[in-house]
2 protein chains.
Amino acid sequence: MENWLTKRAKLDPNKTALIIEHSDFTFSELNSTVQLCAKKLYNHIHKGERAALFISNSFNGYIAILALQQIGAEIVFLNSRLSSDELKFQLNDSGAKLCLVDDSSDYHQINKVNTNKIFLSDILSMQPNHDYQPVAEFDNNDVTSIMYTSGTSGRPKGVLQTFGNHFYSAIGTSLNLGINDKDSWVLTVPLFHISGFSIMMRSLIYGIPVYLITNFNEEYINKVLVNERATVISLVPTMLKRLLNNLPTDKHYNKYFKCVFLGGGPIDNWTLLRCNMLHIPVIQSYGMTETASNVVALNFADAERKVGSSGKALFPVNLRINHADSDGIGDIEIKAPNVAKGYLNKQSLFNKKITDDGFYKTGDIGYLDDENFLYVKGRKDDMIISGGENIYPEEVENIYSKLSGLESIFVIGVQNEEWGEIPVAYVTLDKDAFLSGVDLIGFGREKMAHYKVPKEFRLIKEVPRTASGKVLRRKFKDIEYEKM
Amino acid sequence: MENWLTKRAKLDPNKTALIIEHSDFTFSELNSTVQLCAKKLYNHIHKGERAALFISNSFNGYIAILALQQIGAEIVFLNSRLSSDELKFQLNDSGAKLCLVDDSSDYHQINKVNTNKIFLSDILSMQPNHDYQPVAEFDNNDVTSIMYTSGTSGRPKGVLQTFGNHFYSAIGTSLNLGINDKDSWVLTVPLFHISGFSIMMRSLIYGIPVYLITNFNEEYINKVLVNERATVISLVPTMLKRLLNNLPTDKHYNKYFKCVFLGGGPIDNWTLLRCNMLHIPVIQSYGMTETASNVVALNFADAERKVGSSGKALFPVNLRINHADSDGIGDIEIKAPNVAKGYLNKQSLFNKKITDDGFYKTGDIGYLDDENFLYVKGRKDDMIISGGENIYPEEVENIYSKLSGLESIFVIGVQNEEWGEIPVAYVTLDKDAFLSGVDLIGFGREKMAHYKVPKEFRLIKEVPRTASGKVLRRKFKDIEYEKM
């Protein structure tokens, strides 16, 4: 296919491409700005080389991403919340020739790393290189982005995402949501995540504007959703709750608003009920870095009827449950043109996740109901087997999430001579809340099968997380706790 | 990708897939019907084999197409208006193992051909073959349909269309028109043409209903467009004019109606003006059998502003004008994932149409204005478009060359209000030979599809030629003749 940016600038030169605070840019203006940036960067980086990006959700960051793509360089997206050691590892592992640093953001961690840095604010004063030409084509098989994913164990792995991955991902979503040229997408998730970058690619492929939100300010975002013609916003559950809490009772989202596109784990029923009352459709979805964003999503017709489900596998996606138990619960496996090409420098590790007949083993477990709706039970590695019964920590945690006073709860399997493993809960409480172990066990026994109820509750001060905010379940065993 | 029909039946089992007269079929019902038909046909045809189809726009024809696709057989679409000689050639050339014949249609031409025929009405009584399984996947690189196109010279060529061709064609159109799950498409163009078959594929890919029109009855079609929630209809100019002439002045198309999707040559301004007054948006487009339907189309925003243009190259399509003259007019060349794989048995001929850098030479000439809108000037070689059908003068001339008494014949397109163009023949006779216009029309009707037969024969004294002896086709219109 023709280069998506130059193609879109030809198709819709005068259409708005990007809205950031009080500035609008058409596709033609966006293209010119990107090409000028690429022309300058071309002094330092060429087609087929690899460049790392340390950016926040800024205009300069947005332009830098597109400029590298125009040059034909592979973009290594760095999570701006990583420690300097983690950044060092990813820069070394990727062999990035240079690292573009967004100096409008907090860059002290990357500053500690000894690498070839270019500050985005310095690009402006560079001389344009007149040998530069944007790539003529985006080849479906070519890698355009590399994103590191920690997984639950071992070193982070660089996921190789191709143009084809992003194209089929975008098409699967447009076929599901019925996107048209009057739509627009609010981008407040990080640009360096697949959730954010995929919105940029959709903007080029669909020809729709992006509202780029530079920092998560509930009041500002609600104003955009109320006053502007913003039709879709990608959110994770925490963000959605913050928006709802901030929305004045006499306001509602603009009449063209289509949906909250929700990723990043399950949402509680109470929040869904609030959205329902406010006429805010919520489209739940399921996806990962390795599938270049979502592969499963609900649609409008079923959103209410199938609460708790992530939806159906999108049109280009073949999904199956393998090694299912007698309840139909088993490994979620996916075959689709949006499954990534592999892991950088660790192709054999990636190949191990591909079955003989070409399905990608997501590492998640779940089941399909009799109408082909997917219900995700959690990570296979997190599953607890106690006395021959499978316990899914997320299921237990979701039930406890409705209990007031409990700030967070994580259920872990602990070795036990009699049962093999037993479920144990690590909890943090709301300020001034008081809950005893007896209370917690009592609550659980009312709500679920007894074997699922944690045998012990352990009060902790802080939840161990990765830089990107993922909970590090294996770390719980080493932290200090107080028996409840 | 997963098999499109079984996938769509999983995604939208209860959604309407097909409406024909007073019957509705959901995707689940359509799938069941098709699978049963395939199970029976499997006694006669297998994956990888080739089957010809001689059908009209009937329910049985619709099912037969999908059944062959489910088996994984390559479908050879026969134009039901061809003569028996033409049919014989295509059946031989394609090596079709059998020919499915729609016996609800006029099948006397195919009946004259000695081939392995199965009548669609006989399938019902066949025993199902329990070894049958629908193909699990539709591979983008696999051929699914073969359609013959005559070209400007020589014998017709079988165009090899892959699943990928049809997929990218559908996606290009949905990105342009912003199709969503509330849309539906009225199918009144022939199923055996790419214009009709592509609507079937879009239905599976988008998950939208098709209104299948079994014969072109203006009154009935207008009723569908007025009373039903029909949003798009594909038409050629002649059809559009007939609908407009029939539409009662107090009626208008239903409020969800989106557009007439117009192919098959240029439309006059007067008709466009009428559509405009009646609030019927017209989306002009440009495409061919070799590109699996349209590659260029107008969009809603520009439809009025750019009258006379076919629009812009769709998102997956790279289009350029090569060898342009000083006015910018030159060869229309296309690079896109919807360009066909080749010509059956004539790959070297197809390869000659591909430039060194991978562009397909359409054989059409035209230009792009400064906003990248395409204006098609016509066939490089004088093709005639009459009522949406392509007529290649040299093909007709070749057939007549066998008639004794005729010294020479040249077929030219003449402007006609009803058909766009009609073929008219300029002839010279052998000394002392006598042939009347009636004789010549009678001969033609025996040998070729009726639309190809010149509507008028004009006797001339001398053929206009260049000094070097080349025939000057454009000069015919100016010379003296005697009506035969």
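Just one of the listed residues (B:41, B:66, B:53, B:82) is more than 19 Å from the chain's Cα centre (by Cα) and either within 14 Å of chain A (Cβ to nearest Cβ) or aliphatic (A, V, I, L, M) (or both), namely B:41.
Before we move on, is residue B:125 among the hydroxyl-bearing types (Ser, Thr, Tyr), part of a loop (DSSP other than H, G, I, E, B), more than 24 Å from residue B:9 (Cα to Cα) and away from chain A (no Cβ under 12 Å)? For residue B:125, the condition - among the hydroxyl-bearing types (Ser, Thr, Tyr), part of a loop (DSSP other than H, G, I, E, B), more than 24 Å from residue B:9 (Cα to Cα) and away from chain A (no Cβ under 12 Å) - is met.
Scanning segment B:311-355 for residues that are without any contact (Cβ under 8 Å) to a residue 40 or more places away in the chain, surrounded by 14 or more Cβ atoms within 10 Å (Cβ to Cβ) and of a type in the set (Asp, Glu) yields one hit, B:333. Residues in segment A:452-472 that are over 26 Å from residue A:236 (Cα atoms), of a type in the set (D, E, K, R) and outside any strand (DSSP E or B): A:452, A:455. For segment A:345-367, the candidate set comprises residues that are out of contact with any Asp or Glu (no Cβ under 7 Å at 6 or more places or on another chain) and among the aliphatic types (A, V, I, L, M); within that set, the residue that is nearest to the other protein chains (Cβ to nearest Cβ) is A:354.
Within segment B:360-379, the residues that satisfy the criterion of being in contact (Cβ under 8 Å) with a residue 24 or more places away in the chain, out of contact with any helix residue (DSSP H, G or I) (no Cβ under 9 Å at 6 or more places or on another chain) and surrounded by 15 or more Cβ atoms within 10 Å (Cβ to Cβ) are B:361, B:363, B:364, B:365, B:366, B:367, B:368, B:374, B:375, B:376, B:379.
Give the residue, chosen from B:178, B:172, B:95, that is assigned by TED's automatic domain parsing to the domain that holds residue B:207 and in contact with an Asp or Glu (Cβ under 6 Å, 6 or more places away or on another chain). Exactly one residue qualifies, and that residue is B:178. Could you tell me whether residue B:285 is more than 14 Å from chain A (Cβ to nearest Cβ) and under 16 Å from residue B:198 (Cα atoms)? When the stated conditions are applied, residue B:285 passes them. Scanning segment A:291-319 for residues that are among the charged types (D, E, K, R) and either at pLDDT 95 or above or under 17 Å from residue A:368 (Cβ atoms) (or both) returns A:302, A:305, A:306, A:312.
Restricting attention to segment A:170-201, the residues that are closer than 18 Å to residue A:147 by Cα and within 13 Å of chain B (Cβ to nearest Cβ) add up to 2.
From B:176, B:165, grab the single residue that is closer than 23 Å to residue B:338 by Cα and touching a strand residue (DSSP E or B) at 6+ places or on another chain (Cβ under 7 Å). Spell out how you get there, then give the answer.
Details: B:165 fails: touching a strand residue (DSSP E or B) at 6+ places or on another chain (Cβ under 7 Å).
So the residue among B:176, B:165 that is closer than 23 Å to residue B:338 by Cα and touching a strand residue (DSSP E or B) at 6+ places or on another chain (Cβ under 7 Å) is B:176.
Considering only segment A:108-138, state which residues are closer than 16 Å to residue A:49 by Cα and either loosely packed, with under 15 Cβ neighbours inside 10 Å or outside the structural domain of residue A:38 (by TED's automatic domain parsing) (or both). Of everything in segment A:108-138, those that are closer than 16 Å to residue A:49 by Cα and either loosely packed, with under 15 Cβ neighbours inside 10 Å or outside the structural domain of residue A:38 (by TED's automatic domain parsing) (or both) turn out to be A:116, A:133. Name the single residue, out of those in segment A:411-470 being aromatic (Phe, Trp, Tyr), over 30 Å from residue A:156 (Cα atoms) and at pLDDT 90 or above, that is surrounded by the fewest Cβ atoms within 10 Å (Cβ to Cβ). Once the filter is applied, the top-ranked residue is A:443.
Pairs are defined by a Cβ separation below 7 Å, a sequence spacing of at least 6 or placement on different chains, a first member in segment A:8-37 that is free of Cβ contacts under 8 Å to residues at least 40 places away in the same chain and within 14 Å of chain B (Cβ to nearest Cβ), and a second member that is part of a helix (DSSP H, G or I) and of a type outside the set (S, T, N, Q); the pairs so defined are A:9/A:27; A:13/A:27; A:28/A:9; A:31/A:5; A:31/A:9. Note on segment A:325-407: enclosed strands (runs of 3 or more DSSP E) holding 2 or more residues that are basic (Lys, Arg) are A:374-379. When residue A:314 is tested against (1) in contact with a helix residue (DSSP H, G or I) (Cβ under 8 Å, 6 or more places away or on another chain); (2) within 20 Å of residue A:186 (Cβ to Cβ); (3) within 14 Å of chain B (Cβ to nearest Cβ), exactly one condition is not met: (2). Among the conditions (1) closer than 28 Å to residue A:90 by Cα; (2) among the aliphatic types (A, V, I, L, M); (3) within 19 Å of the chain's Cα centre (by Cα); (4) buried (at least 21 other Cβ atoms within 10 Å of the Cβ), the only one that residue A:288 does not satisfy is (4).
The helices (runs of 4 or more DSSP H) falling completely within segment B:32-114 that include 1 or more residues that are modelled with pLDDT of 95 or more map to B:59-71, B:84-94.
The values are calculated or read from the model by the stated rules, or taken from the named source; none is laboratory data. Just so it is clear, the model here is predicted, and its values are computed rather than measured. In this analysis, Cβ positions are derived from the backbone assuming ideal geometry, glycine residues included, and neighbour counts consider all displayed protein chains.
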